[in-house]
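> Can you keep this structure in mind? I'll have questions shortly.
The values are calculated or read from the model by the stated rules, or taken from the named source; none is laboratory data. It should be emphasised that the depicted structure is a prediction, and the values quoted were computed from it without experimental measurement. Here the Cβ positions follow ideal geometry from the backbone for every residue, glycine too, while neighbour counts run over all protein chains shown.
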Amino acid sequence: MIKKCLFPAAGYGTRFLPATKATPKEMLPILTKPLIQYGVEEAIEAGCTTMAIVTGRGKRAIEDHFDISYELEHQIKGTLQEYCLTEIQNVIEKCTFSYTRQAEVKGLGHAILSGETLIGYEPFAVVLADDLCDAKVGVLSQMITLYEKYQCSIVAIEEIPLENSNKYGVIAGVEIEKNIFKISNMVEKPESQDAPSNLAIIGRYILTPDIFDILRETKPGKGGEIQITDALLIQAQQGKVLGVKFDGQRFDCGSIDGFVKATNYFYKNQNQ
């Protein structure tokens, strides 16, 4: 069973400046919950009990959020606002949180490698909090069920317009079951004419522990950063990576348009 979920959370969130100058982008709220709490709740639903968070300077608010606030709880005890903390209190009770810092922001692959000390040598999940997903069965739950069958690295994929391929890692592969692809190639942020398909990787991964050794040997790629796509390509060439087209809806909350769409979607659903 996969019990640990890694959250890379050291990025600067520059697309949301000045809001993210002093507030971590992972703490931006969709309605009354920060993005990272949605991700943690999805991981808990999937059976994860340890949340490993890779942070950086200026991210202390994440640690404070997943901690008891004695003063606040005392202040609102017995008032109508007391119930507002029930969800986060349940989250804190159900899992443990551990943290490490990524000293330099050098790409998602480097962020994942920075979390090795929190994970150890076992398979683990990765959630990017700014990819917010809504599904009857959580996306991570769908992927872990698949992992139990195939015992290899798995990435969540979705169809995208080809003109957006330069924002994603894009895969090529063969469909071995309905919506499940054995990946043969993947390219980080290709231009549309160079994209191997219209199937893009989104921010959900199941990774086998040998990924850490591969990342240690991975040279900087696109943008001068260590890309998880390049490391996964090594596994894919050995036939050890699957892509799954998940059931559910995903919002790119790293963009203003996606953030607004997610807010409107969750507000509408809350009031139905």
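> From the list Leu85, Leu140, Leu72, Leu118, which residue is touching a Ser or Thr at 6+ places or on another chain (Cβ under 7 Å), farther than 21 Å from Glu188 by Cβ and in a helix (DSSP H, G or I)?
Of the residues listed, the single one that is touching a Ser or Thr at 6+ places or on another chain (Cβ under 7 Å), farther than 21 Å from Glu188 by Cβ and in a helix (DSSP H, G or I) is Leu118.
> On the basis of being among the aliphatic types (A, V, I, L, M) and either more than 27 Å from Val260 (Cβ to Cβ) or part of a strand (DSSP E or B) (or both), does Val170 make the cut? Working first, answer last.
Working: among the aliphatic types (A, V, I, L, M): yes; either more than 27 Å from Val260 (Cβ to Cβ) or part of a strand (DSSP E or B) (or both): yes.
The answer is yes for Val170.
> Filter the range 243-268 down to the residues that are over 17 Å from the mean Cα position of the chain (by Cα) and in contact (Cβ under 8 Å) with a residue 60 or more places away in the chain, then identify the one that is nearest to Gln102 (Cα to Cα). Talk me through it step by step, then tell me what you get.
Applying the first criterion (over 17 Å from the mean Cα position of the chain (by Cα)) to the range 243-268 yields 256-257, 260-261, 263-268.
From what's left, in contact (Cβ under 8 Å) with a residue 60 or more places away in the chain: 256, 263, 265-267.
Details: Ile256: 25, Thr263: 29, Tyr265: 33, Phe266: 32, Tyr267: 34 Å.
Residue satisfying both the conditions and the ranking: Ile256.
> Could you go through the range 30-45 and let me know if any residue there is small (Gly, Ala, Ser), in a loop (DSSP other than H, G, I, E, B) and either farther than 23 Å from Gly107 by Cα or modelled with pLDDT of 95 or more (or both).
Quick first cut of the range 30-45, residues small (Gly, Ala, Ser) only: 39, 43.
Within this subset, residues satisfying the condition of being in a loop (DSSP other than H, G, I, E, B) are none.
Within the range 30-45, not a single residue is small (Gly, Ala, Ser), in a loop (DSSP other than H, G, I, E, B) and either farther than 23 Å from Gly107 by Cα or modelled with pLDDT of 95 or more (or both).
> Mind telling me which of the residues Gly58, Gly78, Gly120, Gly39 ends up being under 16 Å from Ile2 (Cα atoms) and surrounded by fewer than 18 Cβ atoms within 10 Å (Cβ to Cβ)?
Gly120
> Is there any pair linking a residue in the range 1-21 that is surrounded by fewer than 19 Cβ atoms within 10 Å (Cβ to Cβ) to one that is assigned to a strand (DSSP E or B), with Cβ under 6 Å and at least six apart or on different chains, and which?
Lys3/Thr50
> Another one. Is there a residue being in contact (Cβ under 8 Å) with a residue 24 or more places away in the chain, surrounded by fewer than 21 Cβ atoms within 10 Å (Cβ to Cβ), among the aromatic types (Phe, Trp, Tyr) and more than 22 Å from Ile30 (Cβ to Cβ) anywhere in the range 91-99? Can you show your working first?
Of all residues in the range 91-99, those in contact (Cβ under 8 Å) with a residue 24 or more places away in the chain come to 91-92, 94-99.
From what is left, the residues that are surrounded by fewer than 21 Cβ atoms within 10 Å (Cβ to Cβ) are 91-92, 94-99.
Keeping just the survivors that are among the aromatic types (Phe, Trp, Tyr) gives 97, 99.
With more than 22 Å from Ile30 (Cβ to Cβ) added as a condition, the list becomes 99.
Within the range 91-99 (the criterion being in contact (Cβ under 8 Å) with a residue 24 or more places away in the chain, surrounded by fewer than 21 Cβ atoms within 10 Å (Cβ to Cβ), among the aromatic types (Phe, Trp, Tyr) and more than 22 Å from Ile30 (Cβ to Cβ)), the answer is yes, since at least one residue qualifies.
> Test of understanding: among Gln272, Gln193, which residue is exposed (fewer than 14 other Cβ atoms within 10 Å of the Cβ), modelled with pLDDT under 95 and in a helix (DSSP H, G or I)?
Details: Gln272 fails: in a helix (DSSP H, G or I).
The match here is Gln193.
> Then there's this: I'd like the residue in the range 161-179 that is buried (at least 18 other Cβ atoms within 10 Å of the Cβ) and in contact (Cβ under 8 Å) with a residue 40 or more places away in the chain and, out of all such residues, is farthest from Gly248 (Cα to Cα).
My answer is Gly173.
> Go through the range 213-231 and give me each residue that's surrounded by 14 or more Cβ atoms within 10 Å (Cβ to Cβ), under 16 Å from Ile119 (Cβ atoms) and touching a residue at least 40 places away in the same chain (Cβ under 8 Å).
Scanning the range 213-231 gives Leu215, Ile228, Ala231.
> If the Cβ limit is 9 Å and pairs must be 6+ apart or interchain, which residue in the range 70-85 that is more than 22 Å from Pro34 (Cα to Cα) pairs with which residue that is hydroxyl-bearing (Ser, Thr, Tyr) and modelled with pLDDT under 85?
none
> Turning to a different aspect of this structure: Sort through Glu177, Glu188, Glu158, Glu163 and tell me the only one that's under 26 Å from Lys219 (Cβ atoms) and of a type in the set (Asp, Glu). Show your work before the answer.
Values: Glu177 fails: under 26 Å from Lys219 (Cβ atoms); Glu158 fails: under 26 Å from Lys219 (Cβ atoms); Glu163 fails: under 26 Å from Lys219 (Cβ atoms).
Answer to the check: Glu188.
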